[in-house]
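Right, one structure below, let's go through it.
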């Protein structure tokens, strides 16, 4: 038999009952959901920063990072909304390597998805309770979402998942904003098709049920750069790229035209120190063409307690074990600079 059935995944209701979100935190989370929706729809002039580690690999380090973000949020709250990036699933180009806490709660132990589901819910609840900041996560496995649906304020669909029918249909039933990244090819039509699918109503099979979804009007685009067939990275954060995407939106019939610019990945050629420079160019584009400000609604930034990256078994607290990130001091300077730049 090619599959070895190791253990059955826990019932969603059982996990939510064992690890409940208290009513006060649920109210807080819902309030932040509305704030993110207002930014994406253009009702709010605040700028969204989805910021945090490439992958959330250690609960204590992640919660310390988010607590620092909470203090920084107070300084910039009139201009920026900080949304912690607590990504518990890590897509791998080759499928090999650390796949995130949902898959492997302890990077030094064997994969255990049942324990991973428990670990990621505990971490998200703890981060929200200690900081007051609800978070963003990436949807690598659509079946995981019900375990986190009451704690997340934002979901991202990655470049390798955005063409997948299951991802597109699943997010059509989410009641929070969802960002759809351009595929690694950079094809803008594929990205906009994914937004169209996400904003439309559907009937399909999901987690053992036939379900009906209303469509998600807050699905939007994320520019993350592209990679050519020969492996060369091609950025797409420049003024011309943003204007071109805005024109593609026009006449598309899509609701709430909006884009988030990912200043990492192919847009920075995976050189973490380049993120502030990329962010600065985007902000300058908004100054040059103020009409773009209602279209570009925020940035994604990879940032952690310590800069750079280490091997999975490196053991340095607060340093990424996947893609390299900005350290805290540089991240704080960048956030304050962005707040000044969008006046």
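Checking the structure you have, find out if any residue of region 293-302 is over 19 Å from the mean Cα position of the chain (by Cα) and modelled with pLDDT of 95 or more.
no
In region 148-162, what residues are under 20 Å from residue 204 (Cβ atoms) and either touching a residue at least 40 places away in the same chain (Cβ under 8 Å) or buried (at least 19 other Cβ atoms within 10 Å of the Cβ) (or both)? Outline the logic, then answer.
Start the filter on region 148-162 by keeping residues that are under 20 Å from residue 204 (Cβ atoms), which leaves 149, 155, 157, 161-162.
Scanning region 148-162 gives 155, 157, 161, 162.
Would you check which residues across region 216-233 are buried (at least 18 other Cβ atoms within 10 Å of the Cβ) and either in a loop (DSSP other than H, G, I, E, B) or out of contact with any helix residue (DSSP H, G or I) (no Cβ under 7 Å at 6 or more places or on another chain) (or both) and list them?
216, 218, 222, 224, 225
State the number of residues belonging to region 39-60 that are outside any loop (DSSP other than H, G, I, E, B) and either buried (at least 17 other Cβ atoms within 10 Å of the Cβ) or in contact with a strand residue (DSSP E or B) (Cβ under 8 Å, 6 or more places away or on another chain) (or both). Reasoning before the result, please.
Residues of region 39-60 that are outside any loop (DSSP other than H, G, I, E, B), as a first pass: 39-41, 47-52, 59-60.
Cutting the leftovers down to either buried (at least 17 other Cβ atoms within 10 Å of the Cβ) or in contact with a strand residue (DSSP E or B) (Cβ under 8 Å, 6 or more places away or on another chain) (or both) gives us 39-41, 47-52, 59.
Result for region 39-60: 10.
Any residue at all in region 110-132 that's under 17 Å from the mean Cα position of the chain (by Cα), in contact (Cβ under 8 Å) with a residue 12 or more places away in the chain and over 18 Å from residue 52 (Cα atoms)?
No: zero hits.
Kindly evaluate residue 172 against the criterion of being in contact with a helix residue (DSSP H, G or I) (Cβ under 9 Å, 6 or more places away or on another chain) and farther than 18 Å from residue 299 by Cα. Outline the logic, then answer.
Values: in contact with a helix residue (DSSP H, G or I) (Cβ under 9 Å, 6 or more places away or on another chain): yes; farther than 18 Å from residue 299 by Cα: yes.
So residue 172 fits the description; yes.
I want to confirm something. Restricting to region 91-109 and keeping residues that are surrounded by fewer than 16 Cβ atoms within 10 Å (Cβ to Cβ) and closer than 24 Å to residue 8 by Cβ, which single residue is farthest from the chain's Cα centre (by Cα)?
Per the criteria, the residue is 109.
Which of the helices (runs of 4 or more DSSP H) contained wholly in region 234-343 include at least 1 residues that are within 24 Å of residue 75 (Cα to Cα)?
275-288, 328-341
Check whether at least one residue in region 25-37 is within 27 Å of residue 77 (Cα to Cα), in a helix (DSSP H, G or I), more than 21 Å from the chain's Cα centre (by Cα) and at pLDDT 95 or above, and report yes or no.
Filtering region 25-37 down to residues within 27 Å of residue 77 (Cα to Cα) leaves 25-37.
Okay, now just the ones that are also in a helix (DSSP H, G or I), so 25-37.
Narrowing the set further to residues that are more than 21 Å from the chain's Cα centre (by Cα) leaves 27.
So of that shortlist, the ones also at pLDDT 95 or above come out as 27.
Checked region 25-37: at least one residue is within 27 Å of residue 77 (Cα to Cα), in a helix (DSSP H, G or I), more than 21 Å from the chain's Cα centre (by Cα) and at pLDDT 95 or above.
The values are calculated or read from the model by the stated rules, or taken from the named source; none is laboratory data. These figures come from a predicted structure and were not determined experimentally. Virtual Cβ from ideal backbone geometry, glycine too; neighbours counted across all protein chains shown.
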